[in-house]
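Novice: This is the structure I have questions about; it appears just below.
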Amino acid sequence: MILLFVSYYGDVILSLKAVHKEVSLRCYLDNLTHICLGIISWLIVTSYETFSTNYFRQSLLCGLFAGLIDVDHFLMAKSLKFKDAINLSSRPPFHNTTLMMAFAGCLILVMHFKGYELMENFGWYILVASVSHHLRDAQRRGLWLWPFATKPISFPYYLILSYVFPLAIGSLLKILNKNIIKVKYHDVLLV
């Protein structure tokens with residue numbers, strides 16, 4: 001229900017005339033929506049367990065990663081101006097779903113086999129955060145699955161995928177008996 005509320009009203013607020021004409025406000029609110037959806041996505045991942053404050057901290061970290069994805073707009077524009085960052089001729093690299101999933105997958109696997117549990121966990125946060133971010137953007141531009149791109153996805157499909165993906169990740173972590181959900185307090189970055 002919260003996923004639906006934030007997804008719907010995040011876009012409603014962005015479409016308001018006063019917000020739409022103020023570029024910096026629109027960028028802040030869009031990024032805040034990505035952050036909130038990243039937080040909600042990780043809470044869905046952890047929904048298989050009894051809630052604890054560690055899950056909330058992990059969710060904040062996932063939300064932070066979901067928001068940081070938009071940094072690539074500024075990197076590609078080579079400018080800190082919002083107007084330059086949103087008027088790019090092509091999509092920036094962190095918006096490539098294939099690239100981000102491959103990066104997160106490699107981080108998870110390499111860190112798992114090296115025994116670096118904290119870094120492996122970061123891979124899971126990045127995976128969930130990037131898919132959350134990309135699915136929301138896919139309503140306007142589709143998913144960038146290099147070397148292809150999909151057509152924009154409808155709001156109902158977006159909602160279904162935004163719920164099912166983190167739910168599937170939570171199931172996978174439970175099946176793999178990963179302790180990512182039960183990480184100790186000192187292993188979670190305080191945001």
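Novice: Does segment 87-99 contain any residue that is at pLDDT 90 or above, open to solvent by 50 Å² or more (accessible area, probe 1.4 Å) and farther than 28 Å from Trp146 by Cα?
Specialist: Looking for residues that are at pLDDT 90 or above, open to solvent by 50 Å² or more (accessible area, probe 1.4 Å) and farther than 28 Å from Trp146 by Cα, one finds none in segment 87-99, hence no.
Novice: For residues that are of a type in the set (Gly, Ala, Ser) and in a helix (DSSP H, G or I), scanning just segment 39-53, find the one that is most open to solvent (accessible area, probe 1.4 Å).
Specialist: So the residue we want is Ser47.
Novice: Further question on the same structure: For segment 140-158, what are the residues that are surrounded by fewer than 17 Cβ atoms within 10 Å (Cβ to Cβ), in contact (Cβ under 8 Å) with a residue 24 or more places away in the chain and in a helix (DSSP H, G or I)?
Specialist: Residues satisfying the conditions are Arg141, Phe155.
Novice: If you go through segment 100-122, how many residues are closer than 26 Å to Cys27 by Cα and open to solvent by less than 60 Å² (accessible area, probe 1.4 Å)?
Specialist: Residues in segment 100-122 being closer than 26 Å to Cys27 by Cα and open to solvent by less than 60 Å² (accessible area, probe 1.4 Å): 3 in total.
Novice: Now, a different point. Condition first: closer than 19 Å to Leu4 by Cβ, open to solvent by 80 Å² or more (accessible area, probe 1.4 Å), assigned to a helix (DSSP H, G or I) and not charged (D, E, K, R). Can you find one or more residues in segment 163-172 that meet it?
Specialist: Among the residues of segment 163-172, at least one is closer than 19 Å to Leu4 by Cβ, open to solvent by 80 Å² or more (accessible area, probe 1.4 Å), assigned to a helix (DSSP H, G or I) and not charged (D, E, K, R), which makes the answer yes.
Novice: Oh, and also: Specify the residue that is surrounded by the most Cβ atoms within 10 Å (Cβ to Cβ); the eligible residues are those in segment 54-86 that are within 20 Å of the chain's Cα centre (by Cα) and acidic (Asp, Glu).
Specialist: Among them, the one singled out is Asp70.
Novice: Please verify whether Cys62 is in contact with a Gly (Cβ under 6 Å, 6 or more places away or on another chain) and assigned to a helix (DSSP H, G or I), treating the condition exactly as stated.
Specialist: When the stated conditions are applied, Cys62 passes them.
The values are calculated or read from the model by the stated rules, or taken from the named source; none is laboratory data. What you are looking at is a predicted structure, and each value in this text was computed from that prediction instead of being measured. Here Cβ is always computed from backbone atoms with ideal geometry, including for glycine, and neighbour counts include all displayed protein chains. What goes into the accessible areas is simple: the full protein's heavy atoms, side chains included, and nothing from ligands, DNA or RNA. Shrake-Rupley method; radii C 1.70, N 1.55, O 1.52, S 1.80 Å.
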